[in-house]
Amino acid sequence: MAKNKQKGKKTKNVFQVANKQTKHKNKAKPVTTTLKHINAVKNEKVESLNQIFTEVQRDVKSVSKCTAKVPTKPTQVVRKAPRESVNVDGAVQLFSQL
């Protein structure tokens, strides 16, 4: 099946890249620690904002209870009657002349 495979050691390349950097496989990644720090700060901010909004909601409820006792009267819109009646027959005659 693998008839074309070479047996033995492979020859190394004659030309090598100078200052080639190798990857560190076991090095700790700072991204995860940074993300944990960001998440902790974000959670603290969210908790503080939740407390502020719950206080605001309580204040709004208390204010709405005070103002809800006063009945409000609906405003009435007054419409004016048209000054002159529309002359439909005269308009039809004018259009027929065009």
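The values are calculated or read from the model by the stated rules, or taken from the named source; none is laboratory data. Only a predicted model underlies this, so the values are computations on that prediction, with no experimental measurement involved. Cβ atoms come from the backbone with ideal geometry, glycine included; neighbour counts cover every protein chain shown. In case anyone asks, the SASA skips ligands and DNA or RNA and just uses the protein heavy atoms, side chains included. Shrake-Rupley method; radii C 1.70, N 1.55, O 1.52, S 1.80 Å.
Only one of THR33, THR11 is at pLDDT below 85 and surrounded by 10 or more Cβ atoms within 10 Å (Cβ to Cβ). Can you tell me which?
THR33
Among the residues of the range 59-75, the one identified as in a loop (DSSP other than H, G, I, E, B) and either at pLDDT 75 or above or surrounded by 10 or more Cβ atoms within 10 Å (Cβ to Cβ) (or both) is THR75.
Would you mention how many residues in the range 76-98 are under 58 Å from the mean Cα position of the chain (by Cα), of a type outside the set (Gly, Ala, Ser) and open to solvent by 100 Å² or more (accessible area, probe 1.4 Å)?
Keep residues of the range 76-98 that are under 58 Å from the mean Cα position of the chain (by Cα), which gives 76-88, 91-92, 95.
Subset that is of a type outside the set (Gly, Ala, Ser): 76-80, 82-84, 86-88, 92, 95.
Among the residues that remain, those that are also open to solvent by 100 Å² or more (accessible area, probe 1.4 Å) are: 76-80, 82-84, 86-87, 95.
Total meeting the criteria: 11.
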